[in-house]
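Notes to accompany the following structure.
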Amino acid sequence: MMRRREERLPPSGAGLMRYFSEEGEGIKVSPRTVVGFSLASILLVVFLHLMF
């Protein structure tokens, strides 16, 4: 009989990052809020640069 070829995963230290589904305690911020604050900061810096 022919053996099944088993796929092997790369070693854990092969430069790949592992992400876990567990979340630690901390501030929960939605992506929309982060984008909004980023755009507001950019606009504020541009406005201040033009004014001064």
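At-a-glance table
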item	result
In the range 27-50, residue most open to solvent (accessible area, probe 1.4 Å) [restricted to those that are hydrophobic (A, V, I, L, M, F, W, C) and at pLDDT below 95]	27
Unmet criterion (only one of (1) part of a loop (DSSP other than H, G, I, E, B); (2) small (Gly, Ala, Ser); (3) modelled with pLDDT of 95 or more) for residue 14	(3)
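The values are calculated or read from the model by the stated rules, or taken from the named source; none is laboratory data. Everything quoted here is computed from the prediction, not taken from an experiment. Each accessible area value is taken on the protein alone, full model and side chains, heavy atoms only, with ligands, DNA and RNA left out. Shrake-Rupley method; radii C 1.70, N 1.55, O 1.52, S 1.80 Å.
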